[in-house]
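This report concerns only the one structure given below.
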Amino acid sequence: MRERNGLDAADIRILSAVQKHGQLSKSKLAEIVNLSPTPCLARLTRLRAAGFIRGYHADIALERVVDVTRVVVTVSLTHHRKTDFDRFENHIKTVDEITTCVATGGGIDYVMTVVAPSLSAFQELMDDLLSADLAIDRYMTYFATRLIKAEQPNLAKLSAHRTR
């Protein structure tokens, strides 16, 4: 049975395996998803070409490499025009220290996660954002003391829920 987006159960298994394990050999991926290698590779190639796979990333144990300051920041803009949102979002995409930024509805406009080498580096980043003419009305900071969980959602579970 194909989903609305053209994916079937085998496609979801392939995407789930790639999400969990990253790049795999053709035979290992085929074994995990219970397909023969050639059709499995053809499906993977199709999924890549269709834009379902954006890339492959390593999950680095950042805390073992370097000490960092992780800060969750909520941001509200002064105005709520499309041009204001576009200007803010385009600028945020250029700032390496901002690792996630989610637009929200309700009392605040954005929730961001910032990873900086120190508290003073974080404050410099915020000072730069405030002076960049991004129409930031106010922001609140929440300093993370421990990272409890940071994972991608379970694709197979989400997909199974959608088809019910």
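Considering only the range 51-58, I want to know if a residue exists there that is touching a helix residue (DSSP H, G or I) at 6+ places or on another chain (Cβ under 7 Å), surrounded by 12 or more Cβ atoms within 10 Å (Cβ to Cβ), among the aliphatic types (A, V, I, L, M) and not assigned by TED's automatic domain parsing to the domain that holds residue 131.
The first filter runs over the range 51-58 and keeps only residues touching a helix residue (DSSP H, G or I) at 6+ places or on another chain (Cβ under 7 Å), leaving 52-53.
Now narrow it down to the ones that are surrounded by 12 or more Cβ atoms within 10 Å (Cβ to Cβ): 52-53.
Narrowing the set further to residues that are among the aliphatic types (A, V, I, L, M) leaves 53.
After this cut, where a residue has to be not assigned by TED's automatic domain parsing to the domain that holds residue 131 as well, the list is 53.
For the range 51-58, residues touching a helix residue (DSSP H, G or I) at 6+ places or on another chain (Cβ under 7 Å), surrounded by 12 or more Cβ atoms within 10 Å (Cβ to Cβ), among the aliphatic types (A, V, I, L, M) and not assigned by TED's automatic domain parsing to the domain that holds residue 131: present.
Given the structure, is residue 89 modelled with pLDDT of 95 or more and assigned to a helix (DSSP H, G or I)?
Yes, satisfied.
Please work out which one of (1) surrounded by fewer than 16 Cβ atoms within 10 Å (Cβ to Cβ); (2) within 19 Å of the chain's Cα centre (by Cα) is the condition residue 80 fails and give its number.
The single condition residue 80 does not satisfy is (2).
Note down all Cβ pairs under 7 Å where the first residue falls in the range 27-52 and is under 17 Å from residue 156 (Cα atoms), the second is of a type in the set (Ser, Thr, Tyr), and they're at least six residues apart or on different chains.
Final answer for the pair search is 30/36.
Of the residues 74, 94, 100, only one is within 19 Å of the chain's Cα centre (by Cα), surrounded by fewer than 16 Cβ atoms within 10 Å (Cβ to Cβ) and outside any loop (DSSP other than H, G, I, E, B); which?
Among 74, 94, 100, only 100 is within 19 Å of the chain's Cα centre (by Cα), surrounded by fewer than 16 Cβ atoms within 10 Å (Cβ to Cβ) and outside any loop (DSSP other than H, G, I, E, B).
Any residue in the range 76-94 that is within 18 Å of residue 139 (Cβ to Cβ) sitting within a Cβ distance under 6 Å of a residue that is among the basic types (Lys, Arg)? List the pairs, counting only those 6 or more apart or interchain.
These pairs meet every condition: 76/138.
The values are calculated or read from the model by the stated rules, or taken from the named source; none is laboratory data. Everything numeric here is computed off the predicted structure, so don't read it as measured data. Note: ideal-geometry Cβ built from the backbone for every residue, glycine included; neighbour counts use all protein chains shown.
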